[in-house]
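What follows is a single structure, written as structure tokens, with notes after it.
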Amino acid sequence: MKEVYGDRLRIEWHSFPLEQVNSTQGPEWKLWEQPDEYKSRGLWAFRGGEAARLQGKELFERFHMALLRARHVENRDIANPAVLIEVAMEAGLDLDRFRQDLPNRSLLAKIGEDYIWGVEKHGVWGTPTLVFNGRQAAYLKLRPAPPPEESVKLFEELFDIIYRRPYVVEVKRPRVP
């Protein structure tokens, strides 16, 4: 997208742990407050994202895309810190710094802030949720990913529907039994 839109498109990634949304622990329970030994499906991946973010926007985005590929294409276990280090290496991060920052518990606060911001400002309940111009938000589910040659056209059509037509509240395909 950035190749086509350049500076006219600003992408901001925020943490939104579905493990928090789906928790049966009650509203007081916070994923980002759990001890390091807590068995989480995604908390270490979020920590990895925040550790990568400390190395700058470009490296964060490379790590983030590599992490998504590792999880959704390669089916790697991104809950495993060793896999996160492999992904950081693939993305070209400074590995010594990443290893040092990854266990830093102060990074957990940003995960909680992002989650609360998403819920309170935009009503987020699932991922991915797209927010256009800070106002119009919509959850999107794609399966499989669109072919690369259709990506820009799909983005433009989604923008048109989500941003320019706020009266379209939901589109959902029924599943044939």
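Overall, the ratio between the Cα radius of gyration of the stretch 16-71 and 2.2 N^0.38 Å, rounded to two decimals, is 1.26. For the residues L108, L31, L154, a GNM of the chain with alpha-carbon springs under 10 Å puts the largest fluctuation on L154.
Helix 108-122 and the long axis of the chain differ in direction by around 20°, with both axes built from C-alpha atoms. Rounded to two decimals, the Cα-based Rg/Rh of the chain, with Kirkwood Rh, is 0.97.
Once the dipole of the stretch 12-122 is set up with Lys and Arg at +1 and Asp and Glu at -1 on Cβ about the Cα centre, which of G48, H72, G26 lies farthest towards its positive end? Going by the Cα projections, it comes out as H72. For the chain, with a Gaussian network of springs between Cα atoms less than 10 Å apart, report the residue from E113, E33, E150 with the top mean-square fluctuation. Answer for the Gaussian network model of the chain: E150.
Checking the cross-link pairs K110/K172; K2/K30; K2/K39; K30/K57; K39/K153 against a 30 Å limit on the alpha carbon distance flags K110/K172; K2/K30; K2/K39; K39/K153 as lying beyond it.
A short reminder: the numbers here are calculations on the coordinates, not readings from a lab. Only a predicted model underlies this, so the values are computations on that prediction, with no experimental measurement involved. Neighbour counts run over all protein chains shown; Cβ positions are idealised from the backbone, glycine included.
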